[in-house]
Amino acid sequence: MKISRDLTLERRLVAIAESCDWLMVALVEARELELKDWCIGAGAVRSVVWDTLHDYANHTAVEDIDLVYFDPDQTDIEIDKSLSSRLPEVFPGSAWEVVNQATVHVWYPSAFGHDVDPFKSLEEGVGSWPEYATAVGLGLNDDETIRVIAPHGLEDLFEMRVRHNPSRASVDAFQERMRTKCFKERWPQVTVYL
């Protein structure tokens, strides 16, 4: 199913990102790595948006900043660890997690117990993340404009709706994430669909 782009929500997301100092620093730092087709996504983007929608003055601490890219010519998964170590801490207590989406199928079975097909693009990798609301990424172009990657659209993110994306995560894995993430404790307006 092809999702139509909601340019109003895209503009809103870009404005939120531009108003978040640490996220803009992270985007600049990520761009410095000169990776092929990349974005920062998942919890880093979701948390900034939900904090803004809840009118929180202080941003939620993010455990890790997910920087993903797609480079089928680079197949050494150890490179990602090296890239992570080159990135500075941009938010208190944060760490970078750099993952080439072109190599996910190599390590995923040993990490999660089942095979996944190789991804054909960055968008396909981002589109496989466990919740639709979190399957969103941002990249910073050379002209300082922000690129939005949202294979399933932005409605779930802005409506604070957490629904299982069956592309890669099992129902059990999704339910376990919901138990550990505690979204409703931090963001009471969020609705989780189990």
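This table checks each residue for (1) open to solvent by 80 Å² or more (accessible area, probe 1.4 Å); (2) at pLDDT below 95.
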| site | (1), (2) |
| --- | --- |
| MET1 | yes, yes |
| ALA26 | no, no |
| TRP38 | no, no |
| VAL48 | no, no |
| THR52 | no, no |
| ASN58 | yes, yes |
| ASP66 | no, no |
| PHE70 | no, no |
| SER94 | no, yes |
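Of all residues in segment 3-24 being modelled with pLDDT under 95 and in a loop (DSSP other than H, G, I, E, B), which is most open to solvent (accessible area, probe 1.4 Å)?
Residue satisfying both the conditions and the ranking: ARG5.
What pairs come out if I take residues in segment 83-94 that are over 13 Å from ASP66 (Cα atoms) and pair them with residues that are open to solvent by 30 Å² or more (accessible area, probe 1.4 Å) and not acidic (Asp, Glu) whose C-beta lies under 6 Å away, six or more apart or interchain?
GLY93/ALA61
Could you check how many residues of segment 68-90 are closer than 17 Å to GLY137 by Cα and either assigned to a strand (DSSP E or B) or of a type in the set (Gly, Ala, Ser) (or both)?
Of the residues in that region, 2 qualify.
Out of curiosity, is ILE65 in contact (Cβ under 8 Å) with a residue 12 or more places away in the chain and in a helix (DSSP H, G or I)?
Working: in contact (Cβ under 8 Å) with a residue 12 or more places away in the chain: yes; in a helix (DSSP H, G or I): no.
So ILE65 does not fit the description; no.
Please note which helices (runs of 4 or more DSSP H) are completely contained in segment 101-177 and include at least 2 residues that are of a type in the set (D, E, K, R).
Values: elements: 104-112, 122-126, 155-158.
The helices (runs of 4 or more DSSP H) meeting that bar are 122-126, 155-158.
Which of the residues that make up segment 178-194 are surrounded by 14 or more Cβ atoms within 10 Å (Cβ to Cβ) and in a loop (DSSP other than H, G, I, E, B)?
TRP187, VAL190
Is it fair to say ARG163 is open to solvent by 20 Å² or more (accessible area, probe 1.4 Å), under 13 Å from PRO130 (Cα atoms), in contact (Cβ under 8 Å) with a residue 24 or more places away in the chain and touching a Pro at 6+ places or on another chain (Cβ under 7 Å)? Outline the logic, then answer.
On the way: open to solvent by 20 Å² or more (accessible area, probe 1.4 Å): yes; under 13 Å from PRO130 (Cα atoms): yes; in contact (Cβ under 8 Å) with a residue 24 or more places away in the chain: yes; touching a Pro at 6+ places or on another chain (Cβ under 7 Å): no.
Answer is no for this residue.
The values are calculated or read from the model by the stated rules, or taken from the named source; none is laboratory data. Every value quoted in this text rests on a predicted model; they were computed, and no experiment measured them. With ideal geometry, Cβ positions are generated from the backbone for all residues, glycine too; neighbour counts draw on all protein chains shown. Quick note on the areas: whole protein, heavy atoms, side chains included, nothing else; ligands and nucleic acids left out. Shrake-Rupley method; radii C 1.70, N 1.55, O 1.52, S 1.80 Å.
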